[in-house]
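Following: one structure in structure tokens, then a few remarks.
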Amino acid sequence: MEEFQGLHAPAGVPEPASSHGNVRLNLDGYGNRGSGFPGLKKRGHGHGNRSWIKIDQDGNSKILELDKATIMRHCSLPSRDLRLLDPLFIYPSTILGREKAIVVSLEQIRCIITADEVILMNSLDGCVVQYMSEFCKRLQTNREQAEDLPFEFRALELALDLTCMSLDAQVKELELEVYPVLDELATSINTHNLERVRRLKGHLLALTQRVQRVHDEIEHLMDDDGDMAEMYLTEKRQRSEAYALGDMYFQNDIPSEGRVVSKSAPVSPVRSISGAQKLQRAFSNISPSKHGSLMSSSSNGENIDQLEMLLEAYFAAIDNTLSKLFSLKEYIDDTEDLINIKLGNVQNQLIQFELLLTAATFVTTIFAVVTGIFGMNFVASIFDYPYAFNWVLIITGLACVFLYLCFLFYFRYKKVFPL
């Protein structure tokens, strides 16, 4: 990929660290010397331009200001794919394989990966800064070493790695906060603890949805061999170069033969197929690459084991993170069940106490009725005896106590509450 020209440091945008220095694209004179984004005209700031970080195969990073149309032309992407990278909109995690690029939107890492560069959306988020610095470091460290993975898979691997580690770290942090709160709530049920659990449960739900989206995207990608085959950008580029080389052989071979051989002379069958033989030799020399057959990635029998094993590793990691969240949710549900049981037990005790009070109120009312009757102003022979009213009170009190005991034995017999 040819270098950009007219680069200068961005105003107001922090520059990530790089061993080769960071630069920013000046939108004047784009394409005069064969830049990677030809035909870009000068536009004022705030007219669709965004800050991007370009990382090449050597680990050099540059901060560029590019608009949507330029990226669409350079990477052959439709506008709907770029909308997935727009930070103003919330889209589910996405990994799309296109003809010349891979569109990656995983949490805060939003980038476009081609066969020889990564165009990363610039941001102050820690994941973006870490991705840029770590990827540049890996490329510069392994520059002289042979890599088993092509460039696009190394970029995709780091994006998946950082996303899985970030989500797992958030889950561990949530676990450290949730478990003590739940244990405290189980021992002391109050409004403060209930509010803390409600807030943490909302955080858990949001985090589970984010992890689930990444999990589903990786699983969907692993289930579709065609999508995985589209991501072999290096092989597709080499195959395209092989086709171009074959066309060049035909164009160079046929006219030269036409000048040597006369129109009336017989054409030798051996000489006439020399161009096809050269094309066949060209394909046979290029096809045995270290990433597999160039012609196999577009057929039904694609050699996608390399990408599939890569995705399986991170699918297992994100599945483990999702299992932690489900376990945490189950622990919260168990705590809620325990709290409901405790509250139900307290409610039952209150009902039992209310029942006892009701029975006591009933027998007390009987005693009050009897005493009220004898307190009325009427003439009766019983008042002629001095201690008669005392005996009435004693007998009435004993009857009320006996009646209350009968209520208690009845409640015990019906197992309303244990006594």
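The values are calculated or read from the model by the stated rules, or taken from the named source; none is laboratory data. Worth saying up front: this structure is predicted, and the values here are computed from it rather than measured. Every residue, glycine as well, gets a Cβ built from its backbone with ideal geometry; the counts of neighbours run over all protein chains shown. Ligands, DNA and RNA are excluded from the accessible area calculation, which covers all protein heavy atoms including side chains. Shrake-Rupley method; radii C 1.70, N 1.55, O 1.52, S 1.80 Å.
How many percent of the accessible area of the range 117-197 is carbon or sulfur, using a 1.4 Å probe?
Ligands and nucleic acids excluded, carbon and sulfur reach 51 percent.
Which order do peptides 126-135, 359-368 fall in by mean Cβ count within 10 Å, highest first?
126-135, 359-368
Give me a comma-separated list of calculated 3J(HN,Hα) values for the range 219-232, in order, Karplus coefficients 6.51, -1.76, 1.60 applied at θ = phi - 60°, integers in Hz, x for any Gly or Pro.
Residue by residue, the range 219-232 yields 5, 4, 5, 5, 7, 10, 5, x, 5, 5, 5, 5, 8, 7 Hz.
Using Cα positions and a limit of under 13 Å, work out the aspartates and glutamates in reach of Lys54, with same-chain residues fewer than 8 apart set aside.
Output for Lys54: Glu2, Glu3, Glu15, Glu65, Asp116, Glu117.
Subtract the Cα-Cα distance of Lys172 and Leu357 from 0.36 nm times their separation in residues, and report this length gain in nm to one decimal.
61.5 nm
Please tell me which of these pairs span more than 18 angstrom C-alpha to C-alpha: Lys68/Lys100; Lys172/Lys324; Lys172/Lys201; Lys137/Lys172?
As for pairs spanning more than 18 Å Cα to Cα, those are Lys137/Lys172.
For Glu195, Glu107, give the ranking by accessible area with the largest first, probe 1.4 Å.
Glu195, Glu107
Over the range 46-154, what is the mean sequence separation of C-alpha contacts under 8 Å (at least six apart), divided by residue count, expressed as relative contact order in percent?
Result for the range 46-154 is 27 percent.
With a point put 7 Å past each Cα toward its Cβ, work out how far Val181 is from Tyr385 in nm, to one decimal.
Between Val181 and Tyr385, the label points sit 7.4 nm apart.
What is the Rg over Rh value, at two decimals, for the range 69-225, using alpha-carbon atoms and the Kirkwood definition of Rh?
My calculation puts Rg/Rh at 1.08.
Obtain the nm distance between the two label points defined at Asn348 and Asp227 by a simple spin-label model: each point lies 7 Å from its Cα along the Cα-to-C-beta direction.
Those two pseudo-labels are separated by 5.1 nm.
Skipping prolines and chain starts, which residues have an amide H placed within reach, meaning under 5 Å, of the one on Ile53, given they are 5 or more residues away or on another chain?
Leu64, Leu120, Met121, Asn122
Would you kindly derive the ³J(HN,Hα) couplings of the range 118-131 from the backbone phi angles with the Karplus curve 6.51 cos²θ - 1.76 cosθ + 1.60 (θ = phi - 60°), listing them in order in whole Hz, with x for Gly and Pro?
Rounded to whole hertz, the list is 10, 9, 9, 5, 6, 7, 8, 5, x, 5, 5, 5, 5, 4.
Explain nothing, just compute: Karplus ³J(HN,Hα) = 6.51 cos²θ - 1.76 cosθ + 1.60, θ = phi - 60°, for every residue of the range 63-76 in order, whole Hz, x for Gly and Pro.
9, 10, 10, 10, 9, 5, 5, 5, 5, 4, 5, 5, 9, 6
Just the accessible area per residue of the range 154-245, please: how many Å² with a 1.4 Å probe?
Per residue, the range 154-245 has an accessible area of 47 Å².
Given R₀ = 45 Å, what would the calculated FRET efficiency be for Glu99 paired with Asp333, taking r from the Cβ atoms and rounding to 0.05?
Efficiency, rounded to the nearest 0.05: 0.45.
What does the extension gain come out to for Ala244 and Ile366, with contour length at 0.36 nm per residue minus their alpha carbon separation?
Fully extending the segment from Ala244 to Ile366 adds 32.9 nm.
Please work out the FRET efficiency for the pair Ile341 and Leu88, using the Cβ-Cβ distance as r and a Förster radius of 41 Å; give the result to the nearest 0.05.
Efficiency, from the Cβ-Cβ distance: 0.30.
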